[in-house]
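The next block holds one structure in the form of structure tokens; read it before the comments.
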Amino acid sequence: MTLWRIRATVDDRPGYLSVLTASLALRGVNILTVQVHTTERGAVDDFLVDAPDAIGEADLVAAVERGRGRDCWVARSEARGLADQPTRVLGLASRLVRDPDATGEVLGALLGADAVTWRPDTLPDAGISDTTMRLADPGGGSYTLRRAAPSFTPAEYARAQALVELATTVVRRAAEQVTLVLPDGAELTVRPAVADDLPGVLDLHEACSARSRHRRYLGGSAPTPARLRRLLEPARGHTLVAATTGSDGSTESLVAMANLLGEGDEAEVALLVRDDWQRRGLGSALLRRLARHADQAGYAALVLHVQAENGPMLRTVRRLDRPTTTDRDGPLVTLTVPLPAPTPAHH
């Protein structure tokens, strides 16, 4: 038996796919996997089949055409084609997370491209044209993929776009990671939070004193894991975490979390710093970074709700050196820090 890949267009009508599979079965062809790509011309079915050794390319094409298939493409395949497609795609995505510079190689492996090129300029005609695919690189530039056959499909284009966007996200997050040197010389890594930080954030809350948690959550109970998960990747906003690093550069533990949550045209800010890292300038550094992010995101003001007895946090806000309005309601102080309006672009 020999492995083959078959791709053919089939009218997207009830029973047509079964006619094609029956035609292949009459020649002793066993269908191992099938993927369906929806196109304007019909459903493009991509089969991996096991055929008797006596069956050749022309025989397979004839069987497909007798089964009402058209635009048939046939090629020998290898055993690796038997790999589960979702598992294979996840493996390629994992490789991109580890090495976003391998985007071109991963695209080629995903789509079986003969050539993948990157250009610094953005192509105006992104999309697919027969055996050529052009797609924009969200980080700047564009990719062009080519293969001899078969023609690219919209589904393949969507997969390629998703991988490129993943690589761009990884690169952007790496660029946003910085090494923060505190006034006492201690070094920390500050970066945007991700969902995988949840265990470290739970440990951070456990390591903080009841007083620190009380100040952060204004007397309420500690947040549930579900709420913390939402805080790590808010629908509108930005969360930073600060972590100590080992001598080999590996992350040791999270020592602070800074949240910016968008509410209309304002952004609410809150900080939690582990007790042994308080009064060392870490809170001020995180607040300044969140203020810059809010500036860039176009928010009109920062809003902080602070307990009146929380002198360290009140001093941290004053160190922003920005005009601040204060509104006290019993033991709660609300600080509003207006942000400069975006500067209109000049043409």
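Brief remarks on what is shown
- Note on the chain: helix-only mean residue ellipticity at 222 nm, from DSSP H runs of 4+ residues weighted -39500 (n - 2.57) and normalised by residue number, equals -10500 deg cm²/dmol.
- Gyration tensor verdict on region 217-279 (Cα atoms; rounded if a/c is under 1.5, prolate if a/b is larger than b/c, oblate otherwise): prolate
- Computed extension gain for ASP12 through ARG318, at 0.36 nm per residue and net of the alpha carbon distance, reaches 103.6 nm.
- Ordering LEU286, LEU107 by the number of other Cβ atoms within 10 Å of each residue's own Cβ, fewest first, gives LEU107, LEU286.
- Placing pseudo-labels 7 Å out from each Cα toward the beta carbon at ALA43 and LEU332 gives an inter-label distance of 5.7 nm.
- Sorting CYS208, CYS72 by the number of Cβ atoms found within 10 Å of their own Cβ, with the fewest placed first, yields CYS72, CYS208.
- Proxy reagent accessibility, fewest Cβ within 10 Å first, across TRP4, TRP73, TRP118: TRP118, TRP73, TRP4
- Global geometry of region 85-176, whether rounded, prolate or oblate, following the gyration tensor of its Cα atoms and the 1.5 cut on a/c: oblate
- The slack between ALA54 and THR131, meaning 0.36 nm per residue of separation minus the straight C-alpha distance, is 24.7 nm.
- Our note on the geometry: Cα centres of region 11-84 and region 200-269, 53 Å apart.
- Distance histogram for region 178-338 (every C-alpha pair counted, 5 angstrom bins, percent rounded to whole numbers): 1, 9, 19, 22, 23, 16, 8, 2, 0, 0
- Taking 7 Å steps out from each Cα toward its Cβ at ARG146 and VAL61 produces label points 2.3 nm apart.
- Two-site label geometry, GLU105 and VAL171: point separation in nm, points 7 Å out along Cα→Cβ: 1.6 nm
- Between 0 and 90°, nearest 10: helix 16-26 axis offset from the chain longest Cα axis: 50 degrees
- Exposed GluC sites (Glu not before Pro) absent - longest run of the chain, DSSP non-H/G/I/E/B, at most 13 other C-beta within 10 Å: 79-308
- Near ARG147, the amide H atoms lying under 5 Å from its own belong to ASP114; only residues 5 or more places off or on other chains count, and H is placed 1.01 Å from N.
- Here, region 2-81 is characterised by an Rg to Rh ratio of 0.94, where Rg is the alpha-carbon radius of gyration and Rh the Kirkwood radius.
- Pairwise Cα separations in region 132-176 fall into 10 Å bins from 0 onward with the following percentages, short to long: 26, 47, 21, 6, 0.
- Descending principal axes extents, region 153-195, alpha-carbon based, whole Å: 58, 18, 7
- Short-range pairs are left out: with C-alpha atoms under 8 Å and at least six residues apart, the relative contact order of the chain is 9 percent.
- Between THR122 and LEU82, residue separation times 0.36 nm minus the direct Cα-Cα distance comes to 10.8 nm.
- ARG279/VAL97 FRET efficiency (R0 45 Å; Cβ-Cβ; nearest 0.05): 0.75
- Sites GLU252 and ASP184 - FRET efficiency at Förster radius 22 Å, r taken between beta-carbons, to 0.05: 0.80
- Span per principal axis, largest first, for the Cα atoms of the chain (Å): 85, 51, 42
The numbers here are math on the coordinates, done by the rules we state, and not lab data. Note that the structure is a prediction, hence the values are computed from the model and not measured. Glycine also receives a Cβ, built like all others from the backbone with ideal geometry; neighbour counts cover every protein chain displayed.
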